[in-house]
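Enquirer: Can you keep this structure in mind? I'll have questions shortly.
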Amino acid sequence: AAGVIQSPRHLIKEKRETATLKCYPIPRHDTVYWYQQGPGQDPQFLISFYEKMQSDKGSIPDRFSAQQFSDYHSELNMSSLELGDSALYFCASSLFYGYTFGSGTRLTVV
Amino acid sequence: AQKVTQAQTEISVVEKEDVTLDCVYETRDTTYYLFWYKQPPSGELVFLIRRNSFDEQNEISGRYSWNFQKSTSSFNFTITASQVVDSAVYFCALSDIGNRDDKIIFGKGTRLHILP
């Protein structure tokens with residue numbers, strides 16, 4: 001069965017650089033979520049999209065933005081990266097509360 | 001407001017022992033889903049179970065069992081005859097059922113060490 005695909009799996013960036021994370025949800029899933037998990041922390045909700053419209057927002061820094069495209073894939077853009085942005089970023093998609101998480105993108109800011 | 005509390009930050013048990021991970025939740029909604037996820041050292045979130053708030057039946061899946069008690073807002077997870085491969089961080093999570101885009105919120109997690 002198809003799963004949620006995230007790319008890249010690993011990303012190393014320098015401070016003040018920009019990063020773009022991509023998420024390809026399960027076909028026909030209507031909602032995409034982004035989560036950030038810092039070292040030793042629980043996943044924290046960042047933002048979600050329902051049918052390509054932003055539907056909810058969590059503690060997402062102003063330096064971050066996200067969008068969902070016509071083909072339903074989503075991108076999380078992070079600018080002016082800081083050391084504290086180093087984390088595992090998960091994307092999840094859902095249909096009727098059947099959530100599926102991707103394997104995550106591990107971002108390291110040096 | 002929604003909240004999930006996992007009071008046990010870290011647990012260590014010897015292999016073959018039984019272990020219970022506690023989870024207490026808060027929500028104002030009457031309909032919701034509860035989840036357990038496993039996060040091994042590799043980092044992915046492995047789905048274990050989803051329980052609807054209408055269904056208070058306990059569930060058993062192999063060595064895993066879950067006890068859902070609405071009266072105490074608890075959804076505890078027991079591993080019977082633990083194995084080293086069970087070592088991981090376990091997250092309890094909650095999602096309200098109201099809108100199709102309701103998000104999952106996680107507890108802080110319990111790090112489980114199974115000692116050989």
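Enquirer: Of the residues that make up region B:17-32, is at least one at pLDDT 95 or above, away from chain A (no Cβ under 13 Å) and under 26 Å from A:HIS29 (Cβ atoms)? Give the steps one after another, and end with the answer.
Expert: So in region B:17-32, the residues at pLDDT 95 or above come out as B:17-26.
Narrowing the set further to residues that are away from chain A (no Cβ under 13 Å) leaves B:17-22, B:24-26.
Within this subset, residues satisfying the condition of being under 26 Å from A:HIS29 (Cβ atoms) are B:25.
Checked against the condition, which is being at pLDDT 95 or above, away from chain A (no Cβ under 13 Å) and under 26 Å from A:HIS29 (Cβ atoms), region B:17-32 yields at least one hit.
Enquirer: Can you find a residue that is touching a Gly at 6+ places or on another chain (Cβ under 9 Å) and not in a strand (DSSP E or B) anywhere in region A:65-84?
Expert: Just the residues of region A:65-84 that are touching a Gly at 6+ places or on another chain (Cβ under 9 Å), to begin with: A:84.
From what's left, not in a strand (DSSP E or B): A:84.
Checked region A:65-84: at least one residue is touching a Gly at 6+ places or on another chain (Cβ under 9 Å) and not in a strand (DSSP E or B).
Enquirer: Residues in region B:35-53: is at least one touching a Gly at 6+ places or on another chain (Cβ under 6 Å), facing chain A (nearest Cβ under 10 Å) and crowded, with 16+ Cβ neighbours inside 10 Å?
Expert: No, there is no match, as no residue in region B:35-53 is touching a Gly at 6+ places or on another chain (Cβ under 6 Å), facing chain A (nearest Cβ under 10 Å) and crowded, with 16+ Cβ neighbours inside 10 Å.
Enquirer: Can you go through A:SER93, A:SER70 and tell me which one is of a type in the set (Gly, Ala, Ser) and either more than 17 Å from A:ILE26 (Cα to Cα) or touching a residue at least 40 places away in the same chain (Cβ under 8 Å) (or both)? Spell out how you get there, then give the answer.
Expert: On the way: A:SER70 fails: either more than 17 Å from A:ILE26 (Cα to Cα) or touching a residue at least 40 places away in the same chain (Cβ under 8 Å) (or both).
Exactly one of A:SER93, A:SER70 is of a type in the set (Gly, Ala, Ser) and either more than 17 Å from A:ILE26 (Cα to Cα) or touching a residue at least 40 places away in the same chain (Cβ under 8 Å) (or both), namely A:SER93.
Enquirer: Can you work out which of the residues in region A:37-83 that are of a type in the set (Asp, Glu) and away from every other protein chain (no Cβ under 12 Å) is nearest to the chain's Cα centre (by Cα)?
Expert: The qualifying residue nearest to the chain's Cα centre (by Cα) is A:GLU75.
Enquirer: Sticking with this one: Looking at A:LYS22 and the list (1) within 14 Å of chain B (Cβ to nearest Cβ); (2) surrounded by fewer than 21 Cβ atoms within 10 Å (Cβ to Cβ); (3) not in a loop (DSSP other than H, G, I, E, B), which single condition is not satisfied?
Expert: Failed condition: (1).
Enquirer: Looking only at region B:56-105, count how many residues are under 30 Å from A:LEU46 (Cα atoms), in a loop (DSSP other than H, G, I, E, B) and basic (Lys, Arg).
Expert: 2
Enquirer: Given (1) in a strand (DSSP E or B); (2) free of Cβ contacts under 8 Å to residues at least 60 places away in the same chain, where does A:VAL32 come up short, assuming only one miss?
Expert: The number of the failed condition is (2).
Enquirer: Among the residues of region B:76-110, count how many are at the interface with chain A (Cβ under 9 Å from one of its Cβ atoms), among the charged types (D, E, K, R), touching a residue at least 40 places away in the same chain (Cβ under 8 Å) and touching a strand residue (DSSP E or B) at 6+ places or on another chain (Cβ under 6 Å).
Expert: Of the residues in that region, 0 qualify.
Enquirer: So, in region A:1-25, of the ones that are of a type in the set (A, V, I, L, M, F, W, C) and modelled with pLDDT of 95 or more, which residue ends up farthest from A:ALA92 (Cα to Cα)?
Expert: Taking region A:1-25 and keeping what is of a type in the set (A, V, I, L, M, F, W, C), we get A:1-2, A:4-5, A:11-12, A:19, A:21, A:23.
Okay, now just the ones that are also modelled with pLDDT of 95 or more, so A:4-5, A:11-12, A:19, A:21, A:23.
Values: A:VAL4: 7, A:ILE5: 9, A:LEU11: 19, A:ILE12: 22, A:ALA19: 19, A:LEU21: 13, A:CYS23: 8 Å.
Checking each candidate, the answer is A:ILE12.
Enquirer: Could you list, in sequence order, the residues of region A:84-103 that are of a type outside the set (Phe, Trp, Tyr) and within 14 Å of chain B (Cβ to nearest Cβ)? Write out each step before concluding.
Expert: Keep residues of region A:84-103 that are of a type outside the set (Phe, Trp, Tyr), which gives A:84-88, A:91-95, A:98, A:100, A:102-103.
Scanning region A:84-103 gives A:SER86, A:ALA87, A:LEU88, A:CYS91, A:ALA92, A:SER93, A:SER94, A:LEU95, A:GLY98, A:THR100, A:GLY102, A:SER103.
Enquirer: Search region B:39-59 for residues that are closer than 16 Å to A:LEU88 by Cβ and pair each with any residue that is surrounded by 13 or more Cβ atoms within 10 Å (Cβ to Cβ) and among the small types (Gly, Ala, Ser) when their beta-carbon atoms are under 7 Å apart and the residues are at least 6 apart or on different chains.
Expert: From residues that are closer than 16 Å to A:LEU88 by Cβ, the pairs are B:GLN39/B:ALA88; B:PRO40/B:ALA88; B:GLY43/A:GLY104; B:GLU44/A:SER103; B:GLU44/A:GLY104.
The values are calculated or read from the model by the stated rules, or taken from the named source; none is laboratory data. Remember, predicted model here, so these are calculated numbers, not experimental data. Cβ: placed from backbone, ideal geometry, glycine included. Neighbour counts: every protein chain shown.
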